[in-house]
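A.B. asks: Sharing a structure with you now.
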Amino acid sequence: MPTVNGAGVDPSGVALATLMGEHTPLLASILAELRSGVIEVGAGDIKFRQMVLDQFPVAGCKRIIAYRTGNGTDAQAVATGTYAAPINGLVLPANEARLGGAIVNTGTVAVNLYLTDRPVPVVGVPALQLQPNGGSWDFRLGSLLWCGHVSAVAATGTSNLTVAEV
């Protein structure tokens, strides 16, 4: 603490330090409250594109709408031994902006999805199997969203996939 002419503690410095000590917990609780709001992320092909809805649906919450037109198909043919169109079995290319999506096996044959853009199947590449007639995957691996490439090969014969991503 600064002293007055080298003779003891400056009372104004003590008062200031005491005041700061009282305000620090209050400021910490205000900061924690500001950081505790709920943020919901949505996507759509909405005319106004990117937008933030404050106090939605209730006070303290926000909804952030990301403009996405989506990507996918309702008729992705997948064959055995050959790689599904369009390129080497690639169903979807990597997309670092992917927010979510689904791949549904609408065919009558099981389909293996490979998390790679390399020609598949290949040893060491992560794979998932979609059962026939409705087996699906939502791009999640545990609590993580897969933003990388997805390739596919039918277990036998030919099958079909319905694919959507945003």
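A.B. asks: Considering only segment 64-77, state which residues are exposed (fewer than 10 other Cβ atoms within 10 Å of the Cβ) and touching a Ser or Thr at 6+ places or on another chain (Cβ under 7 Å).
C.D. replies: Across segment 64-77, there are no qualifying residues.
A.B. asks: Please specify each residue of segment 99-117 satisfying the condition of being surrounded by 14 or more Cβ atoms within 10 Å (Cβ to Cβ) and not in a strand (DSSP E or B).
C.D. replies: 99, 100, 106, 107, 109, 110, 115, 116, 117
A.B. asks: If you go through segment 141-166 one residue at a time, how many are in a strand (DSSP E or B), loosely packed, with under 15 Cβ neighbours inside 10 Å and out of contact with any Gly (no Cβ under 8 Å at 6 or more places or on another chain)? Spell out how you get there, then give the answer.
C.D. replies: Within segment 141-166, the subset in a strand (DSSP E or B) is 141, 144-145, 150-154, 158-165.
So of that shortlist, the ones also loosely packed, with under 15 Cβ neighbours inside 10 Å come out as 141, 144-145.
From what is left, the residues that are out of contact with any Gly (no Cβ under 8 Å at 6 or more places or on another chain) are 141, 144.
Total satisfying the criteria: 2.
A.B. asks: Yes or no: segment 52-63 includes at least one residue that is exposed (fewer than 11 other Cβ atoms within 10 Å of the Cβ) and either in the same structural domain as residue 149 (by TED's automatic domain parsing) or charged (D, E, K, R) (or both).
C.D. replies: Within segment 52-63, one or more residues are exposed (fewer than 11 other Cβ atoms within 10 Å of the Cβ) and either in the same structural domain as residue 149 (by TED's automatic domain parsing) or charged (D, E, K, R) (or both).
A.B. asks: Still on this structure, I have one more. What are the residues in segment 1-45 that are closer than 30 Å to residue 101 by Cα and either among the hydroxyl-bearing types (Ser, Thr, Tyr) or modelled with pLDDT of 80 or more (or both), if any?
C.D. replies: 36, 38, 39, 40, 41, 42, 43, 44, 45
A.B. asks: Do we find that residue 119 is of a type outside the set (Ser, Thr, Tyr), modelled with pLDDT of 95 or more and more than 25 Å from the chain's Cα centre (by Cα) in this structure?
C.D. replies: Numbers: of a type outside the set (Ser, Thr, Tyr): yes; modelled with pLDDT of 95 or more: no; more than 25 Å from the chain's Cα centre (by Cα): yes.
No.
The values are calculated or read from the model by the stated rules, or taken from the named source; none is laboratory data. Being a predicted model, the structure only gives us computed values, none of them experimental. Glycine gets a Cβ as well: all are built from the backbone with ideal geometry, and neighbour counts include every protein chain shown.
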